[in-house]
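Down below is the structure, laid out as structure tokens.
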Amino acid sequence: MPAPFFTTYRTMTETKERPEAFDPLDMNNYRIEKLPKMQKSSFERWMAIVGGPLAILAFILFNWVIDIDFLQTQAETSMLAIFVSGLILWMTEAIPNYLTSLVIILAIVLTGVTSQKVAFAQLGHPVMWLNILSFVLASMLVKTRVAKRFALWFVLKFGKSARGIFFSFIVINIVLSAFISATTAKASILLPIFMVVAAIYGASDGNRNNFGRNLVLQNLFQINVGATGFLTGSGAHLLAISLFMGAYGSGIGYSEWFVACFPLTVIMILIGWFIGTKVIFPMKPEERKPQIEGGMQRLQSELDAMGKMTVEEYKAIAIFVGVLLLWATDSLHGIDATVVAFIGAVVALMPGIGVVKWNDVDIPWHLMLFSAGAYTLGAGLDATKLPETLVNVGFDSLGITADTPFWVLYVVLTFLMMFSGLIFQSKTMRTLIFVPIAIGVEQKFGFPMLSLAFPVAMLIEHVYVLPFNSKPAALLYNTNQYSWTDTFKFGIIMMVISWLLILVWGETVLHWLGYTPLLF
């Protein structure tokens, strides 16, 4: 792969970069802070330089210079200018993403797109609270080391063979997806464990083999796609639900999301395992056997060093199981997912009862501010009905009429959402762009509520093809276990298969559940 698009990885074999006595089975060697950081390529640096002036120019042109006849009000004109400029800043990273969000909120207020009260209130949106509270609960699992203990125990218990190891990580990723909404947090928990396992099977010290390629790429795929099975698996899911609520006054509950999405998640992960280990990176017999004597014993030593389960760990498990049960039975008791998370967080932080203190909680506030800006942008889009206007104009120009079959629009919108993951780095931005478009199409053509928006939202997590597509993708690329060609080959095949699966899902399961009419 030519150099402007990525920087070469500094391998661990460079003895001047690390001590002589490098131990490939020491989990401390794979902590995130010890991995080399991806530097921006020359193309990315150039984009960052031109992004600011380009965003300012776009705002001036769309707001004051270009006369767009189908925009009826100044609020619509300003909203389009803010939306385009915000996209440019987010995509080029000319300024930090959280700062772009703050600029967007300020611009929406100053241009009168929405009132100051509405714009500033997005920081207190129920979805924002659910994001914050989810990080409190996730920090509880990390601080008490329950997540790490579970992962180590499961690999040791069921990872007696290469196949057992792969299936162990499938289960671990699915379970952690129910607990932890941040995909980067899941990656940081699992990375040291699967790197030691890769070393045991000969993939370490700069030496790549198909076991290592499969193990790391499978984990990348599972970390992202595993989140699809749970409403709380990603903050972008919560944003999609808030968009549903804004358009229709109702959304989808935790149990409804689980019934529709979890089986598809498991199917995609199993197909990914088969495609990776049997088709793209088939392993030689010697690659399926441990290469380092006593390697698994080192993992056992790591687990033993954690000692016996502590009272805090049992408390953490009890709190989270209680939260999950309330989330899963929301249709029975009617308690909102945010309120349930509130209950769990209050118990977790309660002196004498809980297991964490506020200083133990790791809340990435820069991401919260980024999300607040995204939600404010969504509020502006909803207030001006800009997505509906753009859909009407776009479809009229393309000759798409009321006679256009539902399946054509379903295929087009799911295709755009799926493969936009190759370009957009932010799941939040993809959600903000394509979910409102899907809602606008539903409303324009009179299709059933969520018949397009829900399938589109189910594709939010497909961000695993290239290293810049998501934070876990960038993080795991730095393990030096695979190349750009490897990740593209596996990722693009899984992206195509997953898109075909959502077509089948819309024709079958989503139709049986009452979301979609028959496609074909």
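The values are calculated or read from the model by the stated rules, or taken from the named source; none is laboratory data. Predicted, not measured: the structure shown is a model, and the values here were computed from it. Here the Cβ is made from the backbone with ideal geometry for all residues, glycine too, and neighbour counts use every protein chain on show. Heads up: the accessible areas ignore ligands, DNA and RNA and are worked out on the full protein's heavy atoms, side chains in. Shrake-Rupley method; radii C 1.70, N 1.55, O 1.52, S 1.80 Å.
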Practice item. Tell me the helices (runs of 4 or more DSSP H) entirely within region 434-520 that contain at least 3 residues that are touching a residue at least 24 places away in the same chain (Cβ under 8 Å). Key: 453-457, 471-477, 484-507
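Residue-by-condition table, conditions (1) more than 20 Å from N224 (Cα to Cα); (2) modelled with pLDDT of 95 or more:
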| position | (1), (2) |
| --- | --- |
| T479 | no, no |
| W484 | no, no |
| K489 | no, yes |
| I493 | no, yes |
| V496 | no, yes |
| L501 | no, yes |
| L518 | yes, no |
Exercise for review: Looking only at region 379-427, count how many residues are open to solvent by 20 Å² or more (accessible area, probe 1.4 Å) and among the hydroxyl-bearing types (S, T, Y).
Suggested key: 5
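For region 334-352, name all the residues that are among the small types (G, A, S), open to solvent by 10 Å² or more (accessible area, probe 1.4 Å) and in contact with a helix residue (DSSP H, G or I) (Cβ under 7 Å, 6 or more places away or on another chain).
Listed by number, the list holds a single entry, A337.
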Exercise for review: Within region 131-146, identify whether any single residue is at positive phi and either among the hydrophobic types (A, V, I, L, M, F, W, C) or open to solvent by 10 Å² or more (accessible area, probe 1.4 Å) (or both), and answer yes or no.
Suggested key: yes
Exercise for review: Evaluate the following for I170: is it buried (at least 24 other Cβ atoms within 10 Å of the Cβ), more than 23 Å from N359 (Cα to Cα), out of contact with any strand residue (DSSP E or B) (no Cβ under 8 Å at 6 or more places or on another chain) and modelled with pLDDT of 90 or more?
Suggested key: no
Exercise for review: For region 445-468, indicate whether the set of residues that are open to solvent by 30 Å² or more (accessible area, probe 1.4 Å) and within 27 Å of V279 (Cβ to Cβ) is non-empty.
Suggested key: yes
Point to revise | Unmet requirement for A94, which otherwise passes all of (1) in a helix (DSSP H, G or I); (2) at pLDDT 80 or above; (3) closer than 23 Å to A473 by Cα | key: (1)
Point to revise | Cross-chain or 6+ apart pairs with Cβ under 8 Å, region 326-341 first and outside any helix (DSSP H, G or I), then at pLDDT 85 or above and open to solvent by less than 50 Å² (accessible area, probe 1.4 Å) | key: T329/S255
